[in-house]
Amino acid sequence: MNERFFTLPEERRNAIVNAGFHVFSKHGYKKASTDEIAREAGISKALLFHYFESKKGLFAYLYDYGVEFLADAIGRLHDYDETDFFEIFANAQACKIEMLREHPDAMQFLVSAYLEGDPAFGPEFGAGFQEALEKSSRAFLVRADASKFRDGITVEQVLNIVLWMSDGFMRAQPPQALADLEAVNNEFLAYLELLRRQFYKEEYL
């Protein structure tokens, strides 16, 4: 990694980072083309390699950067005193939206990179994102007020359902929809409210 990359203007750095996020999330590590990344970033392939040395170096940087960016957003925006399950999740969605505002393909990149598990990277690769996922899940299970759920429904069950819904919802969004993240977030919160009405006891609705 060439430290001169960090001396670039933020707009130029983000263009390179977002091009990498987009191409890698679309094609995966093996099939992604550094020519395409350089073209989307508006720089030459030689300059891309000047900054990151190799395709592997760029991918690893993007992964570390994405995990750090998400952790920072959570640290700044998350309300750690909230105990209502659906309010906690709405708050987590706000962190995701914050990330998408600056890096539209970052979440898809992190998830696909974590699941892809390319052998070009060691077994320790992905540990950061896995740790973040496990930490987030533990936080839900510990903090969420389970007494609000209907009898026979556990926090673990609802967490899985909401996570599956969240993943499918974001994947289903066409690229043009991300131009209005406020509308995307409001639609997601409407679905979250539907689930709340299904799983909460009457007195908490």
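The values are calculated or read from the model by the stated rules, or taken from the named source; none is laboratory data. Please read these numbers as outputs of a predicted model, since none were measured by experiment. Note that we place each Cβ from the backbone using ideal geometry, even for glycine, and neighbour counts take in every protein chain shown. Surface areas here come from the heavy atoms of the whole protein model, side chains and all, with no ligands, DNA or RNA. Shrake-Rupley method; radii C 1.70, N 1.55, O 1.52, S 1.80 Å.
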> Does the stretch 73-99 hold any residues that are modelled with pLDDT of 80 or more and not in a helix (DSSP H, G or I), and which are they?
Replying inline: Asp81, Glu82, Thr83, Asp84
> What are the residues in the stretch 86-113 that are more than 14 Å from Leu163 (Cβ to Cβ), small (Gly, Ala, Ser) and open to solvent by 30 Å² or more (accessible area, probe 1.4 Å), if any?
Replying inline: Ala94, Ser112
>> Exactly one of these conditions fails for Ile43: (1) within 14 Å of Phe109 (Cβ to Cβ); (2) in a loop (DSSP other than H, G, I, E, B). Give me its number.
In response: (1)
> Restricting attention to the stretch 26-76, which residues are open to solvent by 70 Å² or more (accessible area, probe 1.4 Å) and of a type in the set (Gly, Ala, Ser)?
Replying inline: Ala46
>> If Val23 meets every condition in (1) touching a helix residue (DSSP H, G or I) at 6+ places or on another chain (Cβ under 8 Å); (2) open to solvent by 10 Å² or more (accessible area, probe 1.4 Å); (3) free of Cβ contacts under 8 Å to residues at least 24 places away in the same chain apart from one, which number is that one?
In response: (2)
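Quick test for you: out of Leu62, Leu58, Leu70, pick the one residue that is without any contact (Cβ under 8 Å) to a residue 60 or more places away in the chain and either within 24 Å of Leu181 (Cβ to Cβ) or not in a helix (DSSP H, G or I) (or both).
Details: Leu58 fails: either within 24 Å of Leu181 (Cβ to Cβ) or not in a helix (DSSP H, G or I) (or both); Leu70 fails: without any contact (Cβ under 8 Å) to a residue 60 or more places away in the chain.
Of Leu62, Leu58, Leu70, the one residue that is without any contact (Cβ under 8 Å) to a residue 60 or more places away in the chain and either within 24 Å of Leu181 (Cβ to Cβ) or not in a helix (DSSP H, G or I) (or both) is Leu62.
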> Any idea which residue in the stretch 143-170 is surrounded by the most Cβ atoms within 10 Å (Cβ to Cβ), counting only those that are in contact (Cβ under 8 Å) with a residue 60 or more places away in the chain and part of a loop (DSSP other than H, G, I, E, B)?
Replying inline: Ala144
> Under 8 Å by Cβ, and 6 or more places apart or on different chains, what pairs join a residue from the stretch 185-196 that is over 21 Å from Pro104 (Cα atoms) with one that is open to solvent by less than 80 Å² (accessible area, probe 1.4 Å) and small (Gly, Ala, Ser)?
Replying inline: Leu192/Ala90
>> Could you go through the stretch 124-142 and let me know if any residue there is more than 30 Å from Ile37 (Cα to Cα), open to solvent by less than 30 Å² (accessible area, probe 1.4 Å) and at pLDDT 90 or above.
In response: no
> How about the stretch 171-205: which of its residues are farther than 20 Å from Arg150 by Cα and open to solvent by less than 40 Å² (accessible area, probe 1.4 Å)?
Replying inline: Gln173, Ala177, Leu181, Val184, Asn185, Phe188
